[in-house]
Amino acid sequence: MRRQTVKSLVLTIPPPLTLHPAAVYLSGLAIGSKSTMEGALNAIASLLTSGECDAMTLDWSALRYQHTSAVRTALMRRYAPATANKMLCALRRVLTEAHRLELMDATDFAKAVDFPSVKVRKKLRGRALSPEEITALMQACMDDTTPQGVRDAALIAILRGAGLRRAEAVNLDLKDFLAKTNCLEVRSGKGGKDRTVYLPTVATAVVGDWLAVRGKKPGPLLCPIRKGGEVQLRRMTPQAILLILRKRATSAGVDPFSPHDFRRTFCSDLLDSGTDIVTVQKLAGHTSPATTSKYDRRGEETKRKAVEKLDITYIPRKS
């Protein structure tokens, strides 16, 4: 991009946050989504200005079709389709705020957002963990006699038993765990929505063992632990969960997986057990059953068994 074009995209006088398209957009997001989308906007702003701007110093209202189409092309080359589309979604939303704030006229706005999403590969992402793998992960935690072993077992029990997102798990407070009803209250999940989920009885017992180590003081349910075994009553980060699971996978001899694969396993296992898709949707906190269906990692054998249940009356002819 030419230097003159770059300069024309830099804000000369920062507007009030209430009139800044990126600030208005980000202020309406849940905590878990805000950092992700802010990072996406920072990356786009840097891309457009060769590193001179971030989300707050770029003049989003100055973007035109030539800018947004170039961004799409660059993101398509640098990122996986799902990641690129998430970043393009953030771009569209900021431009929408610029239009609503009357910083862009209707024609410029319509042209600027007139770019297609990146085509997503049809191959399913991630995988479902087998019962043997989950058992091995739990055993690796139980073999660890330090407080970290008990905490990590509780973490895995929550991710596997309730299908929570990483951000939802670290956002849990002690008050959100109701042992008598095997219940977890998820607050400000994706889209800022609250929901109630339930743990298997065994998972509730695992979390109870962790609380015997953690103590009953108010604060985050899952906490960091110092090397000496001291529990710190502060919130963990989603990145910490990723590192913990990688460590436990290595010690358990389990093939690499992502934290989100527990969520895929949760949905697939419930569907495989005969739970209706609407119930699974509500437990997972999805906006629609169509989203839930994408998490289904059941194989061909499940489909074969399903059609075997269909009743067809047939009396063979006598030879």
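Some observations on this one:
- Selection from GLN139, ALA154, ALA80 lying farthest towards where the dipole of the stretch 58-200 points positive, charges on Cβ: ALA80
- FRET efficiency for the VAL202 to ASP272 pair, using the beta carbon distance and R₀ = 22 Å, is estimated at 0.75.
- Simple spin-label estimate for LYS119 and ASP255 in nanometres, 7 Å along Cα-Cβ: 2.8
- For the peptides 54-62, 221-229, 150-158, residues were scored by their other Cβ atoms within 10 Å and the scores averaged per peptide; the highest-first order is 150-158, 54-62, 221-229.
- Modelled this way, with points 7 Å down the Cα-to-C-beta line, the labels at SER288 and THR73 are 3.2 nm from one another.
- For the chain, alpha-carbon Rg relative to the globular expectation (2.2 N^0.38 Å, N residues): 1.22
- Dipole of the chain, positive direction: furthest Cα of THR237, ASN171, THR275, with charges on the beta-carbon: THR275
- Peptides 9-15, 108-114 ordered by packing proxy, namely the average of other Cβ atoms within 10 Å per residue, highest first: 108-114, 9-15.
- Proximal aspartates and glutamates to LYS193, defined as alpha-carbon separation beneath 17 angstrom and excluding residues fewer than eight positions away on the same chain: GLU168, ASP173, ASP176, GLU185
- Full-extension gain in nm, ALA110 to VAL10, via 0.36 nm per residue minus C-alpha separation: 33.8 nm
- Neighbour net charge for SER27 - beta-carbon separation under 13 angstrom, K R +1, D E -1: 0
- Cα centre as origin, Lys/Arg/Asp/Glu Cβ charges: the chain dipole, Debye: 580
- Summarising the label geometry, the points placed 7 Å from Cα in the beta-carbon direction at SER35 and ARG304 lie 4.5 nm from one another.
- Taking N as its residue count, the alpha carbon Rg of the stretch 131-305 over 2.2 N^0.38 Å: 1.02
- The listed peptides 164-174, 132-142, 74-84, ordered by packing as a protection proxy, come out as 164-174, 132-142, 74-84 (highest mean of other Cβ atoms within 10 Å first).
- Short-range pairs are left out: with C-alpha atoms under 8 Å and at least six residues apart, the relative contact order of the chain is 15 percent.
- Once you reduce the stretch 241-289 and the stretch 184-224 to the center of their Cα atoms, the two points are 17 Å from each other.
- Residues whose placed amide H lies under 5 Å from that of ALA55, excluding near-sequence neighbours: ASN42
- Sites ASP54 and THR18, calculated FRET efficiency, Cβ-Cβ separation with R0 22 Å, nearest 0.05: 0.70
- Total formal charge among the other residues, if their Cβ is under 13 angstrom from that of LYS217, Lys/Arg +1 and Asp/Glu -1: +3
- Stretching LEU101 away from ARG195 to a fully extended chain increases their span by 30.6 nm, per 0.36 nm per residue minus the current alpha-carbon distance.
- Cα centroid separation - the stretch 53-71 against the stretch 83-122, whole Å: 10
Bear in mind these aren't lab numbers, they're just calculated from the coordinates by the rules spelled out. Values in this document were obtained by computation on a predicted structure and should not be read as measured data. Reconstructed Cβ throughout: ideal geometry from the backbone, glycine too, with neighbour counts over all protein chains shown.
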